[in-house]
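Here's the structure we're looking at; comments come further down.
The values are calculated or read from the model by the stated rules, or taken from the named source; none is laboratory data. Being a predicted model, the structure only gives us computed values, none of them experimental. Here the Cβ positions follow ideal geometry from the backbone for every residue, glycine too, while neighbour counts run over all protein chains shown. Protein only, heavy atoms only, side chains kept; ligands, DNA and RNA dropped before computing areas. Shrake-Rupley method; radii C 1.70, N 1.55, O 1.52, S 1.80 Å.
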Amino acid sequence: MTGGRYRRPDGSHRVVVTGVGAVTGFGVGLPAFWQGVTEARTAIQPTRRTFEGMEVIRPAATVAGYRPLDHFSEAQLLTCEPFVQYALLAAREAIAAAGLTSADLTDAAIVLGCGGGGELSRQETAIHLFANRRPRAHPTTVPRTNHQAACGMIAIEHGILGPSFVVATGCASGSHAISQAAMMVRHGYAERALTGGTEANVIYAVMRCFDAARTIASDTCRPFSSGRSGLALGEGSGILVIETMESADRRGAPVLAEIAGFGMSSDATDTVQPTIRGPVRAVMQALADAGLRTDEIGYLNAHGTGTPLNDRVETQVAHAVFGPHAARLMMSSTKSQIGHTFGAAGALELIATILGLTRGVAPPTVNYQGADPDCDIDCVPNEARAHRFGAAVSQSFAFGGVNAAIAVRAV
């Protein structure tokens, strides 16, 4: 079969992005996020969490100036954990940007990534039951901690009756969710979908656990840089409205970019030590699915955690996939600005990639101190760069050895 304006060469639907919304360490809303990115600022700062006289202070990016009652009623907050609140806010913004009404959304799909879900309520419940030796948990604990709560509350707010589910693959959750949603739209299971990721894990227990794993940075996240020492936690949500090109044209909707291809793989080697085999497979699948040559990719949004091993391996992946073109490829890490948002990371990083594509700006890697010989790539250090590119890749690699890559193209 042949492609065209509305169909891919195999006859399936072309899938485009018509709206995005974001909640990040820079604040609520896409303008705050993009301004922070283009001004090469970081939302990461020393963050303190306590429990019964114990404290932990580590670099993290929490949502700046966030006050739940500015956005939700007290009744809503009884059952909505922060990770649900962030998803609701990002979804509202994405839906408005796409120009959709409730009637347009009735049959839409909802596919979100979320790694931890209601970690705050789990921590509070554990303290209540075990530390305070109380015999009963709060009656809203189950609905508050359920990963699916974010999908459920979005469906309720907008009257969405289509399929909804959550993907939980750690750091790759958002990218996997978007890939699954795009697959559904591509093959006609839904005409449009709300997809992305959400997370709110900057709490005492989670900080202690990542501290024990020796993955948190001593000062801040500085991917691909000399002196890098680890990741910084982050929280927030990124939501995209995706739909068929035919639907977007019929509505006269603004098209930001095409989700041209995606790839997913497993390392099948180790659950915590990354290798190049799995990531290379995922990126090459995404490029093949999109019908893009390696030299057509102008920008790559890296997983870029800032840990010594991840950044070294990711550089090796770039060389293995792109060959000589790797020397000309811009490859930066948004995590240097908003921290590692886990289930939301793939979505927020794809949004940054799409905005860069549409506005002719390569997002920077901030906190960069100098070249590391193991990371011989152009990481767009410390300053956003005006640069037009027609296609890009966003990639996510997770504990468990699972990988996802998404290729986007200008329309």
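For the chain, a crude dipole built from +1 on the beta carbon of Lys and Arg and -1 on the beta carbon of Asp and Glu, taken about the Cα centre, is about 120 debye to the nearest 20. Charge dipole of the stretch 1-88 (Cα centre as origin; +1 on each Lys and Arg Cβ, -1 on each Asp and Glu Cβ, all else neutral): 520 debye, rounded to the nearest 20. For L77 and T271, a Förster radius of 41 Å and the Cβ-Cβ distance give a FRET efficiency of 0.70, rounded to the nearest 0.05. Shape of the chain from its Cα gyration tensor (a ≥ b ≥ c, root eigenvalues): rounded if a/c is under 1.5, otherwise prolate when a/b > b/c, or oblate? In terms of gyration-tensor shape, oblate.
Near the amide H of A260, within less than 5 Å, lie the amide hydrogens of A407, V408, R409, all on another chain or at least 5 residues away, with H placed in the peptide plane. Size estimate for the stretch 260-409 follows the Kirkwood approach: the inverse of mean 1/r over distinct Cα pairs works out to 14.9 Å. Highest mean first, the peptides 271-282, 172-183, 394-405 sorted by other C-beta atoms within 10 Å per residue fall in the order 172-183, 394-405, 271-282.
Under a 5 Å amide H cut-off, with hydrogens placed 1.01 Å from N, A108 pairs with L161, G162 among residues at least 5 apart or on other chains. Sequence-ordered 3J(HN,Hα) estimates for the stretch 302-309 from the Karplus curve with 6.51, -1.76 and 1.60 and θ = phi - 60° stand at 7, 4, x, 6, x, 7, x, 6 Hz, glycine and proline given as x. The share of accessible area on the stretch 4-251 that comes from carbon and sulfur is 54 percent, using a 1.4 angstrom probe.
Amide H to amide H distances under 5 Å link V361 with H387, where only residues 5 or more positions off or on other chains count and H is placed in the peptide plane. Its Cα centre serving as origin, the stretch 260-409 has a Cβ charge dipole (Lys and Arg +1, Asp and Glu -1) of approximately 400 debye.
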